[in-house]
Amino acid sequence: MEPTGAQTVFVAGGDFPARVRDFIGRQLDRWPGLLLDEERFDRGMLGGWELPESPEDPYPECVTFCRDDAMNAFWEENGYDLDASGEGPFALFFRRHAAPPRGAVRGGAAGRRLRRRRRGTGWGADGVG
């Protein structure tokens, strides 16, 4: 299997779970038959949804997105290849970090903004599709 998409790595703040919930809502607008982690997911489930962080979760630190049952079946046979409509499933891998990222920040207004943003617990996320 050859990856057909691009890996994107980003760092997010403590509001990462809420941001993922917003993203799931947008995917529901795009894919009304959304399968989240291979299970049918609808808008009524969004409010109670939480990141799969527990070791008991089947796939901790990972959320998979698939348009519908047909794409899921295609995924089983073809991996992350795109289907006839030019779309394919994707996954979000994430990890909680106990401390904010570190790095040298020089002075000035941009440095002050960055220092304010880096306070608190951070998240690292990696989207693959």
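Coordinate-derived values only; no laboratory data. Here the structure is a predicted model, which means the values were calculated and not measured. Neighbour counts are summed over all protein chains in view; Cβ atoms, including those assigned to glycine, are modelled from backbone coordinates with ideal geometry.
What distance in nm lies between label points placed 7 Å from Cα along the C-beta direction at GLU56 and ALA73? So the two model labels end up 3.4 nm from each other.
Fraction of C-alpha pairs exceeding 16 angstrom in region 22-89: 49 percent, rounded to a whole number.
Here's the picture: a label point sits 7 Å out from the Cα of ARG95 along the beta-carbon direction, and within region 61-80 the residues with their amide nitrogen under 16 Å of it are 61-63.
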